[in-house]
There are 2 protein chains.
Amino acid sequence: MTTQASSTAIDAEAAGTVPRLSLNRWTFRTTPVQEFLEATTSRGIEAVGLWRQDVEEVGLDALRRRVDDAGLRVSSLCRGGFLTASAEADRAAALDDNRRAIDETAALGAPTLVMVVGGVDRADKDIVGARARVTEAITELAPYAEQRGVSLSLEPMHPMFAADRAVLSTIDQALDIAEASGSSAVGVVVDTYHVWWDPSLERAVQRAAASDRLLAYQVCDWNLPLAAEPLHSRGYMGDGFIDFPAITRMIAATGFTGDIEVEIFNENVWATPAEESARIIAERYQELVLPYA
Amino acid sequence: MTTQASSTAIDAEAAGTVPRLSLNRWTFRTTPVQEFLEATTSRGIEAVGLWRQDVEEVGLDALRRRVDDAGLRVSSLCRGGFLTASAEADRAAALDDNRRAIDETAALGAPTLVMVVGGVDRADKDIVGARARVTEAITELAPYAEQRGVSLSLEPMHPMFAADRAVLSTIDQALDIAEASGSSAVGVVVDTYHVWWDPSLERAVQRAAASDRLLAYQVCDWNLPLAAEPLHSRGYMGDGFIDFPAITRMIAATGFTGDIEVEIFNENVWATPAEESARIIAERYQELVLPYA
């Protein structure tokens, strides 16, 4: 596959950097923040995706300072969302929390906040109603995000999470919500684990790009058998069933030039020393993703 | 919810029958065939969905005789499919096996063969190619099914099975394949477990009916947490997250009047005596499905 390696990739190898690769913090959740940042820079990786848990643990200003000191870009902050509760008090609390998440995104200099919209309310089992509440809440939050200069990346999650995490399952559905919001600050994050199966994938990616709503690209593989916690079945690229060259070509064809985040939730990866995980990720990225990006 | 119970449901209760309910054999896989048939009829249930494993175990003629003696309809036979192999010998063997499955469907007097199309070939990880092979194979099998007087019910499976069981994930995708086959004998089975999350569900059901391709309706719930084998997370209606009244109304609005199969793969259900499972299923069906059907 490396016969198609781009000149960008070759230049980067010579320079000892790994262009456009971003390590998502949760891939290294068992590693202290400072060690994670050092594993990133020592591998020639120039960006990270952060989580709100880091903000809580380290403090917003201190986290920003550490990232700046390391010379890293922040590609995204995870995560806002959980907007499907039907009770008014829950809804108001969720909106407040999302405004704080937007503030944090801006303060960290990240371009976008990743949004996991929330699951079905067990009380009514009304997935259609839950989706309508998501659209309303995103429409309400979008102007606030615009004012802070950040975008909201709606994350379509794999349909196996529709009940408990995200009633948003496809890129098309995310784009419908984004368009309904009337805001150019709302778009979609394409995460291979969640959307690789979608028969409309290529067309949906094109649609996202055509409306300037393709905001982020995250990669990891679909491993089988599923882990006991299905969220943790994410694997190193190449370990599972996903055709990374094909999907990355779809993304590249739209002109997307953003960072590419590697986000892996996996017990085995979490048990691996950070330096070693970072090495494997950089290798797989340079073999299966970057040449097609 | 029973305030909306139809007069059909009330008549049936009086008569001691459970109209349109079909028990899928695999819901009772741990029960011997004869005992399964008796649990069905003793509960006033008039139809069963059978599996090819029963044909193999009992013999085709003997199985047909037992079903006839019990006075039962056979609503479907499970299952054909597994058509995604790229090697020519594997492809030919799969087509042969599917022709036998079509013969068995006809011999049992079942109207339709349920097709689980197969997963991604790990050798190439090419989901797009796998889908193209499914369309080719279905197009080749359709005339044979027509000659035998049976239909092929393509089963969109939940996207969590896209890698290993079915690259066919949505009703729309099934209808695209059915239309490409050029045959009126190809259609779709709507199984709540597999499609309940689909944001296009209502429109897709209408599309299926509009082209006379809505061939079968199967129900069971989406239970969480997922079982270690995710296929076995199917639950009794009412135990999980699915809105059966809403989905059943979508089906009924198209004029669908066929049997409604309850197909539950679940270790706890398999450990329950058949009589008891049949009782629970009939009750849940009469509360959550039949009034809306």
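The values are calculated or read from the model by the stated rules, or taken from the named source; none is laboratory data. Just so we're clear, the structure is a prediction, and the values are computed from it rather than from any experiment. So basically every Cβ, Gly included, is an ideal-geometry build from the backbone, and we count neighbours across all protein chains shown.
Listing for the model above:
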quantity: Condition broken by A:His232, with the remaining ones in (1) within 14 Å of chain B (Cβ to nearest Cβ); (2) closer than 28 Å to B:Ala174 by Cα; (3) of a type outside the set (Asp, Glu); (4) surrounded by fewer than 24 Cβ atoms within 10 Å (Cβ to Cβ) satisfied; calculated: (2)
quantity: Qualifying helices (runs of 4 or more DSSP H) (wholly inside the stretch A:1-80; at least 3 residues being loosely packed, with under 13 Cβ neighbours inside 10 Å and modelled with pLDDT under 95); calculated: A:7-15
quantity: Residue list for the stretch B:42-91, restricted to those being in contact with a Leu (Cβ under 9 Å, 6 or more places away or on another chain), among the small types (Gly, Ala, Ser) and under 30 Å from B:Ala130 (Cα atoms); calculated: B:Gly49, B:Ser75, B:Ser76, B:Gly80, B:Gly81
quantity: Elements of type helices (runs of 4 or more DSSP H) in the stretch B:157-229, at least 1 residues being more than 14 Å from chain A (Cβ to nearest Cβ); calculated: B:171-181, B:201-210
quantity: Residue that is surrounded by the most Cβ atoms within 10 Å (Cβ to Cβ), among those in the stretch A:250-264 that are in contact with an Asp or Glu (Cβ under 9 Å, 6 or more places away or on another chain) and of a type outside the set (A, V, I, L, M, F, W, C); calculated: A:Glu261
quantity: Cross-chain or 6+ apart pairs with Cβ under 6 Å, the stretch A:150-162 first and within 25 Å of B:Asp243 (Cα to Cα), then among the basic types (Lys, Arg); calculated: A:Met157/A:Arg165
quantity: Check on A:Asp103, within 11 Å of chain B (Cβ to nearest Cβ) and either of a type in the set (D, E, K, R) or in a loop (DSSP other than H, G, I, E, B) (or both); calculated: no
quantity: Residue that is within 14 Å of chain A (Cβ to nearest Cβ), closer than 20 Å to B:Ser75 by Cα and crowded, with 24+ Cβ neighbours inside 10 Å, where the choices are B:Leu154, B:Leu113; calculated: B:Leu154
quantity: Residue that is under 26 Å from A:Ala208 (Cβ atoms) and either among the hydroxyl-bearing types (Ser, Thr, Tyr) or outside any loop (DSSP other than H, G, I, E, B) (or both), where the choices are A:Met250, A:Met237; calculated: A:Met250
quantity: Odd one out for A:Arg203 among (1) of a type outside the set (Gly, Ala, Ser); (2) over 29 Å from A:Glu38 (Cα atoms); (3) in contact (Cβ under 8 Å) with a residue 24 or more places away in the chain; calculated: (3)
